[in-house]
Amino acid sequence: MNQKFKLSPGYISGLVQTDGSFCCSLKKSNSDRFGLQFVPELNICTDIGSKHVLDEIKLFFGCGRIVINMKSNSALFVVTNLSDLHNIIIPHFLKYPVYCAKLHAFNLFYQIVIALFNKEMKTLEERRELLRMALSMNSTTNRKKEKIDSLWSNLGVRSADVKDKYLIINNINTVDSIINDDFISGVIDGDGSFYISFEKNGSIIPYFTITNDLYSMPLLEKIKLRFKDIGSINKITNKNAIRYKIMSLKQIIDILIPFMDKNPLFSERSNNYEIFKEASNLLNKEKPLTLETKLKIVELAYDSNNKRKLRNLSKTEYINLLEKLHNQNS
């Protein structure tokens with residue numbers, strides 16, 4: 001993996017776009033006038049093997065902490081200190097923004113942090129407004145209905161009909177600014193995938209994807225335009241998500257690989273990219289592919305991405321299949 005790197009501000013924002021979260025914990029507190037404490041938080045989650053990226057982000061910001069969860073094989077960079085959020089985190093994302101639903105969350109996060117830092121919005125009605133913003137930051141939540149009812153009850157709101165009206169809907173459906181290349185690199189390091197498909201007919205197909213939520217369509221369209229409008233964007237069946245995909249070997253060689261070489265990845269995903277790049281170059285050198293080259297690509301790439309997608313056949317079974325197909329065609 002690429003551990004010798006200089007972190008750029010745009011890359012960090014791109015990684016937050018995909019693997020980060022602006023949120024606000026809500027805790028019952030006897031010390032608060034209305035019994036409710038607001039704890040805004042920025043976090044970024046990676047696989048534990050990419051913890052070095054979070055270490056560099058922590059150094060870049062000069063604040064926060066890193067939490068390791070061995071059960072989930074993950075590492076989490078967290079900033080909750082109100083002064084750090086106000087003086088370091090918010091200025092960064094005002095200068096190097098995120099987009100779409102993530103921008104919606106940041107805008108609400110920004111208002112909450114400013115109010116808490118300046119000790120504003122302390123009346124009952126203003127606290128209700130803070131709660132409305134906190135509950136509206138993200139489209140999905142792990143808070144159960146009973147928990148949400150209890151939070152509103154603390155502030156004297158008990159009607160379900162009234163509570164529904166309190167949600168602030170995300171209306172950000174365009175990306176009007178220029179998307180920088182280092183931001184795109186951060187997005188790819190979070191939600192990108194470099195994959196080599198080994199087909200049962202002996203074909204070997206490289207493809208690249210970025211998967212994100214439905215609200216990110218304007219962002220993926222911008223990234224697609226940056227890649228000279230190659231590939232396609234489609235909704236994933238039965239999921240609230242969309243996927244940008246590039247499958248043309250020529251486009252991968254001519255456009256994607258040169259971009260990635262100029263805008264490198266830093267997480268464990270960089271290993272998959274290097275394998276993907278080498279395999280794509282091998283595929284591009286021979287037409288048709290010899291058995292020798294196919295077997296070389298199998299050894300190189302068959303076990304890559306094994307954490308994310310399992311093969312239907314073992315590597316040995318696929319080698320046997322290739323040899324069988326080769327003998328049939330000889």
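The values are calculated or read from the model by the stated rules, or taken from the named source; none is laboratory data. Remember, it's a predicted structure, so these values are computed and weren't measured experimentally. Every residue, glycine among them, receives a Cβ derived from its backbone with ideal geometry; neighbour counts consider all protein chains shown. When the accessible area is computed, the model is the full protein with side chains, heavy atoms only, and any ligands, DNA or RNA have been set aside. Shrake-Rupley method; radii C 1.70, N 1.55, O 1.52, S 1.80 Å.
Which of the helices (runs of 4 or more DSSP H) contained wholly in region 57-163 include at least 2 residues that are of a type in the set (Lys, Arg) and without any contact (Cβ under 8 Å) to a residue 60 or more places away in the chain? Please lay out each step first, then the result.
On the way: elements: 90-95, 100-117, 124-135, 145-154.
In region 57-163, the matching helices (runs of 4 or more DSSP H) lie at 124-135, 145-154.
When Glu268 is tested against the conditions (1) within 29 Å of Pro9 (Cβ to Cβ); (2) open to solvent by less than 60 Å² (accessible area, probe 1.4 Å); (3) at pLDDT 95 or above, the lone failure is (3).
Just for region 176-194: of the residues that are out of contact with any strand residue (DSSP E or B) (no Cβ under 6 Å at 6 or more places or on another chain) and either assigned to a strand (DSSP E or B) or β-branched (Val, Ile, Thr) (or both), which one is most open to solvent (accessible area, probe 1.4 Å)?
Checking each candidate, the answer is Ile178.
The residues listed here are Ile90, Ile112, Ile57; of these, the one that is open to solvent by less than 30 Å² (accessible area, probe 1.4 Å), over 12 Å from Phe22 (Cα atoms) and not aromatic (Phe, Trp, Tyr) is Ile57. Filtering region 218-247 to residues that are open to solvent by 30 Å² or more (accessible area, probe 1.4 Å), within 20 Å of Ser185 (Cβ to Cβ), aliphatic (A, V, I, L, M) and in contact (Cβ under 8 Å) with a residue 12 or more places away in the chain leaves only Ile233. Against the list (1) in contact (Cβ under 8 Å) with a residue 60 or more places away in the chain; (2) out of contact with any helix residue (DSSP H, G or I) (no Cβ under 6 Å at 6 or more places or on another chain), the condition Phe266 fails is (2). Based on this model, can you work out whether Asp47 counts as in contact (Cβ under 8 Å) with a residue 40 or more places away in the chain, surrounded by fewer than 21 Cβ atoms within 10 Å (Cβ to Cβ) and not hydrophobic (A, V, I, L, M, F, W, C)? For Asp47, the condition - in contact (Cβ under 8 Å) with a residue 40 or more places away in the chain, surrounded by fewer than 21 Cβ atoms within 10 Å (Cβ to Cβ) and not hydrophobic (A, V, I, L, M, F, W, C) - is met.
Annotation: of all residues in region 26-44 being open to solvent by 40 Å² or more (accessible area, probe 1.4 Å) and part of a strand (DSSP E or B), the one that is nearest to Ile90 (Cα to Cα) is Gln37. Of all the residues in region 202-217, those that are over 21 Å from the mean Cα position of the chain (by Cα) and either in contact (Cβ under 8 Å) with a residue 12 or more places away in the chain or open to solvent by 60 Å² or more (accessible area, probe 1.4 Å) (or both) number 4.
From the list Leu36, Leu7, Leu15, which one is of a type in the set (A, V, I, L, M, F, W, C), in contact with a helix residue (DSSP H, G or I) (Cβ under 7 Å, 6 or more places away or on another chain) and farther than 19 Å from Pro97 by Cβ? Walk me through it before giving the result.
Values: Leu7 fails: farther than 19 Å from Pro97 by Cβ; Leu15 fails: farther than 19 Å from Pro97 by Cβ.
Residue meeting the stated conditions: Leu36.
Inside region 225-330, counting only helices (runs of 4 or more DSSP H) that do not spill past its ends, which hold 1 or more residues that are closer than 30 Å to Leu54 by Cβ?
Numbers: elements: 257-262, 269-285, 291-301, 315-329.
Answer list for region 225-330: 257-262, 269-285, 291-301.
Against the test of being in contact with a Gly (Cβ under 6 Å, 6 or more places away or on another chain), farther than 21 Å from Leu219 by Cβ and of a type in the set (A, V, I, L, M, F, W, C), the options Phe34, Phe38, Phe77, Phe61 yield a single qualifying residue, Phe77.
On the stretch given as region 175-194, residues that are touching a Phe, Trp or Tyr at 6+ places or on another chain (Cβ under 6 Å) and not charged (D, E, K, R) total 4.
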